[in-house]
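Engineer: Dumping the structure here so I can ask a few things about it.
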Amino acid sequence: MDIVFGEKISGVKYHDREGSYLIAIKDNLLASVKTPKGYFLLGGGIEKNESHIDCIKRECIEEIGYDVNIKNYICSAEIYSTHERIGYFHPIQYYYYGEILNKIRKPIEPDHKFEWITLDNIEDKMYVESQAWAVRQCLMQAR
């Protein structure tokens, strides 16, 4: 892992969840999905026998209806937190740089809205701190 957010509480059983996410930047704008909670990177939980890339492609089709091209791995982060439904939660997230291609179908998640958001003050916009951190890592690597 490149970074850890939060502190692991000794003796506590955490629910681990691996996920992979797309960082797509075009004209100083970040591809994001807006939900009732706020802005997130495109992507989500990795299903059994699914690669990181396959996960991102599936999630992008489900969330926004677009095909994507994954170019390269950027970084990873893990978080120790509590979740309102799950309890002690340990997401392990992998971030990849890529691009949004063509819309291929209607998204299936009605509460997810595709939006290009400015990179200014990205830390204030993203719901998950580690995702804002990953976007900054991507921008630093691009220099």
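Engineer: Using DSSP to call loops (not H, G, I, E or B), can you name the chymotrypsin sites (Phe, Trp or Tyr not before Pro) in segment 36-130 whose Cβ has at most 16 other Cβ atoms within 10 angstrom?
Structural biologist: For chymotrypsin sites (Phe, Trp or Tyr not before Pro) across segment 36-130 that sit outside H, G, I, E and B with at most 16 neighbouring Cβ atoms in 10 Å, the list reads 80, 127.
Engineer: Would you mind checking the tilt of helix 129-142 against the longest principal axis of the Cα atoms of the chain, expressed as 0 to 90 degrees and rounded to 10?
Structural biologist: 50 degrees
Engineer: May I have the pair-distance distribution P(r) for segment 3-48, computed from all Cα-Cα distances with 10 Å bins from 0 and rounded to whole percent?
Structural biologist: Bins of 10 Å from zero give 20, 36, 32, 10, 2 percent of pairs.
Engineer: Can you pull the Rg over Rh of segment 91-136, Cα-only, Kirkwood?
Structural biologist: Expressed as Rg/Rh, it is 0.99.
Engineer: If the reach is capped at under 29 angstrom between alpha carbons, list the lysines near residue 106, excluding any in the same chain fewer than eight residues apart.
Structural biologist: In chain and number order, the partners are 26, 34, 37, 48, 57, 71, 125.
Engineer: What is segment 1-53's relative contact order, in percent, from Cα pairs under 8 angstrom and six or more apart in sequence?
Structural biologist: Reported relative contact order: 33 percent.
Engineer: With Kirkwood's inverse mean 1/r over C-alpha pairs for Rh, give me the Rg to Rh ratio of the chain, two decimals please.
Structural biologist: 0.95
Engineer: Further, regarding this structure: So which GluC sites (Glu not before Pro) in segment 25-68 end up in coil per DSSP with only 14 or fewer other C-beta atoms within 10 Å?
Structural biologist: Taking segment 25-68 and a limit of 14 other Cβ atoms within 10 Å, the loop GluC sites (Glu not before Pro) found are 47.
Engineer: Which ³J(HN,Hα) values, rounded to whole Hz and listed in residue order, are derived for segment 37-54 from phi using the Karplus coefficients 6.51, -1.76 and 1.60 in 6.51 cos²θ - 1.76 cosθ + 1.60 with θ = phi - 60°, glycine and proline given as x?
Structural biologist: Coupling constants for segment 37-54: 7, x, 8, 9, 6, 6, x, x, x, 7, 7, 3, 6, 9, 7, 4, 5, 4 Hz.
Engineer: Of all alpha-carbon pairs in segment 15-88, indicate the percentage at a distance above 14 angstrom.
Structural biologist: 66 percent
Engineer: Here's a follow-up. Over segment 1-112, calculate the relative contact order: mean separation of alpha carbon pairs under 8 Å at least 6 apart, over the residue count, as a percent.
Structural biologist: 36 percent
Engineer: Quote the relative contact order of segment 72-131 in percent (integer), defining contacts as alpha-carbon pairs under 8 Å separated by 6+ residues.
Structural biologist: About 30 percent, as a whole number.
Readers should treat all values here as calculations from the given coordinates under stated rules, not as data from a laboratory. These numbers come from a predicted model, not from an experiment. Here the Cβ is made from the backbone with ideal geometry for all residues, glycine too, and neighbour counts use every protein chain on show.
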